[in-house]
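Undergrad: Before anything else, here's the structure in question.
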Amino acid sequence: MIDFHVHPVQVAELTDLDPELEHAVRDVFGLYVKPQPIATLLGQMEEAGIDQAVILPLDCSTEHKCTVISNEQVAWLCERYEQLVGFASVDPRDPSASERLEHAVRQQGLRGLKLDPALQRFDLDSREHAFPVYERAAELQIPVLIHCGMSFAPRGRSSAAHPLALEEVAAELPGLRIVIAHFGWPWVTEALMLALKFPNVSLDTSVLYSGTPADSIRHVMSDLIGLEVIDRSLSNQVVFGSNYPRVDPKRMVAGIRSLDLPAALERNIFHENAARLLAGPGGGAR
Amino acid sequence: MKSVLERIAIQTQHDTELINVGKLVRSAVESSAIADGVVYVTTLHTTTGITVNEELPDVEDDIVAMLRRLVPDAGPYRHARFLASDGQMAVNAPSHLRSALLGMQVALPLAGGELVMGQRQTIYFVELDGPLNREFVVHVLGNAG
């Protein structure tokens with residue numbers, strides 16, 4: 001099983017080495033609980049049955065003068081724990097963003113790109129800032145996970161994260177593999193439309209707003225989208241993501257399992273679709 | 001009267017597990033140099049418990065099964081929402097309720113430097129929402145021997 005959406009913001013081994021990180025995690029990302037040893041993240045994965053987790057940094061240099069986990073910190077963790085797959089983050093408003101992305105992939109071994117327009121405050125369809133980064137990601141043949149929908153981060157602005165702004169991107173760059181996070185909630189219909197229209201657009205399951213994970217997942221996947229729509233049209237375009245540590249992976253896994261999906265679809269969501277995104281074509285430097 | 005308090009951290013491995021902490025408690029008691037008095041073992045969390053029972057795998061299984069039967073994983077719990085003060089989803093109502101059933105503390109007599117316990121009694125730290133790094137305290141009150 002692969003978890004496509006993990007923020008290593010609670011890892012004590014990182015905050016111990018970088019005191020600035022605690023400020024970024026609290027005041028920018030908005031997580032106020034005590035750091036935990038890496039053993040907790042690995043244990044949470046094992047308890048949930050997760051073999052691999054994609055860990056995500058976030059470069060907020062322009063807007064917030066910090067990184068909420070840097071590419072270097074992600075690479076450091078991935079060197080030590082084979083269960084972890086590292087993505088890069090670059091700030092699209094940084095003129096050197098594309099070069100930094102190429103460095104992260106080619107030199108640091110990172111295997112995808114994470115963007116969060118709500119926190120990084122850039123326009124998803126900006127020709128000046130965003131498209132050069134998308135184009136470089138397409139050239140590098142790496143997937144791009146993009147936060148869409150509500151941002152729980154105190155400094156996040158959800159209005160910058162409307163998935164419809166990705167229509168032009170998906171249309172113009174069919175070789176760019178885009179993953180819309182959180183089903184784009186509350187703009188689920190728009191995110192669904194993009195995934196139905198564009199085979200290079202996938203959705204991750206990390207939808208959280210109220211109730212238990214099982215409640216949220218059932219409401220979005222069953223009531224709003226329809227399990228038959230997912231099975232017939234999107235069986236290759238939904239990936240499991242937990243959004244740890246906003247929520248426990250074990251409860252997100254249980255939430256998906258509670259849908260009683262056809263076995264092949266459940267396997268695609270839990271493993272196959274993410275494995276395909278990570279593996280190819282040219283899904284990374286290692 | 002002397003008072004010595006020691007905080008002890010443990011890394012739990014599973015969502016729910018009973019962990020024998022008797023050696024850790026006895027080590028803290030020995031370090032306190034208090035021989036006669038009372039020992040309080042107290043968890044610092046609201047989704048764990050401290051209890052005493054017999055260390056047999058079947059008894060441990062039955063305790064876990066009882067907790068799950070009395071407090072099912074799914075239910076109409078109100079504690080199921082985003083908790084802004086944590087920045088996390090608060091979706092662990094069953095863990096809190098199971099903790100409420102077990103209790104947060106046990107008190108044990110201390111005499112002649114030894115815990116006064118029955119032959120079959122084991123002190124358990126009970127994880128109810130793991131895996132996590134957890135803490136409990138051993139507070140020894142009494143007089144040196």
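Just so it is clear, none of the values below were taken in a lab; they were calculated from the coordinates. Note that the coordinates shown come from a computational prediction; the quantities given were computed from them, not determined experimentally. Note: ideal-geometry Cβ built from the backbone for every residue, glycine included; neighbour counts use all protein chains shown.
Undergrad: Between 0 and 90 degrees, rounded to the nearest ten: what's the tilt of helix B:57-70 against the longest Cα principal axis of chain B?
TA: The two axes meet at around 50 degrees.
Undergrad: Check A:Tyr244: other-chain or 5+ apart residues with amide H under 5 Å from its amide H, H built from backbone geometry?
TA: Hits under the 5 Å cutoff: A:His7.
Undergrad: If I fit a long axis through the Cα atoms of helix B:22-32 and take the longest principal axis of the Cα atoms of chain B, what angle between them do I get, 0 to 90°, rounded to 10?
TA: 50 degrees
Undergrad: Which aspartates and glutamates, on any chain, are close to A:Lys65 with Cα under 14 Å apart, when same-chain ones fewer than 8 places away are left out?
TA: Output for A:Lys65: A:Glu20, A:Glu22, A:Asp27, A:Asp91, A:Asp94.
Undergrad: Right, something else. Using Cα springs under 10 Å in a Gaussian network model of chain A, which residue among A:Asn200, A:Asn243, A:Asn71 shows the largest mean-square fluctuation?
TA: Residue with maximal mean-square fluctuation among A:Asn200, A:Asn243, A:Asn71: A:Asn200.
Undergrad: What number, rounded to the nearest 500 deg cm²/dmol, is the helix-based mean residue ellipticity at 222 nm of chain B, given -39500 (n - 2.57) per DSSP H run of at least four residues and division by all its residues?
TA: Numbers: 3 runs with 35 residues, N = 145.
Taken over chain B, the calculation gives -7500 deg cm²/dmol.
Undergrad: With a 10 Å cut-off between alpha carbons and a GNM built on chain A, which of A:Ala264, A:Ala214, A:Ala195 moves the most?
TA: A:Ala264
Undergrad: Now for a separate question. Determine the distance separating the Cα centre of the range A:35-54 from the Cα centre of the range A:161-196; give it in Å without decimals.
TA: 29 Å
Undergrad: For A:Glu128 and B:Gln13, FRET efficiency with R0 = 30 Å and r from the beta-carbon atoms, rounded to 0.05?
TA: 0.05
Undergrad: Oh, and also: So which residue, out of A:Ile38, A:Ile55, A:Ile217, gets the largest mean-square fluctuation from a GNM of chain A using Cα contacts under 10 Å as springs?
TA: Of A:Ile38, A:Ile55, A:Ile217, the most mobile in the Gaussian network model is A:Ile38.
Undergrad: Determine the shielding of peptide A:203-216 by partner chains: average, over its residues, the number of Cβ atoms on other chains within 10 angstrom of each Cβ.
TA: Going residue by residue through A:203-216 and averaging, the value is 3.
Undergrad: Now for a different question. Taking θ as phi - 60°, what are the ³J(HN,Hα) couplings along the range A:254-266 by the Karplus curve (6.51, -1.76, 1.60), each to the nearest whole Hz, with x for Gly and Pro?
TA: So the J values, rounded to whole Hz, are 4, x, 5, 5, 5, 6, 6, 6, x, 4, 5, 5, 4.
Undergrad: Under the rule of -39500 (n - 2.57) per DSSP H run of 4 or more residues, summed and divided by the residues of chain A, what mean residue ellipticity at 222 nm is obtained, to the nearest 500 deg cm²/dmol?
TA: Counting only the DSSP helices, I get -10000 deg cm²/dmol.
Undergrad: Per the Debye formula with a single identical scatterer at each Cα and no solvent contribution, what log10 I(q)/I(0) holds for chain A at q = 0.07, 0.09, 0.14 Å⁻¹?
TA: With one equal scatterer per Cα and no solvent, log10 I(q)/I(0) is -0.21, -0.36, -0.95.
Undergrad: Which entries in the list A:Lys34/B:Lys2; A:Lys114/A:Lys250; A:Lys197/A:Lys250; A:Lys34/A:Lys250; A:Lys250/B:Lys23 go over 26 Å, if you measure between the two C-alpha atoms of each?
TA: Check vs 26 Å cut-off fails for A:Lys34/B:Lys2; A:Lys197/A:Lys250; A:Lys250/B:Lys23.
Undergrad: Please tell me the relative contact order of the range A:2-279 in percent, rounded to the nearest whole number, where contacts are Cα pairs under 8 Å and at least six residues apart.
TA: For the range A:2-279, the relative contact order is 18 percent.
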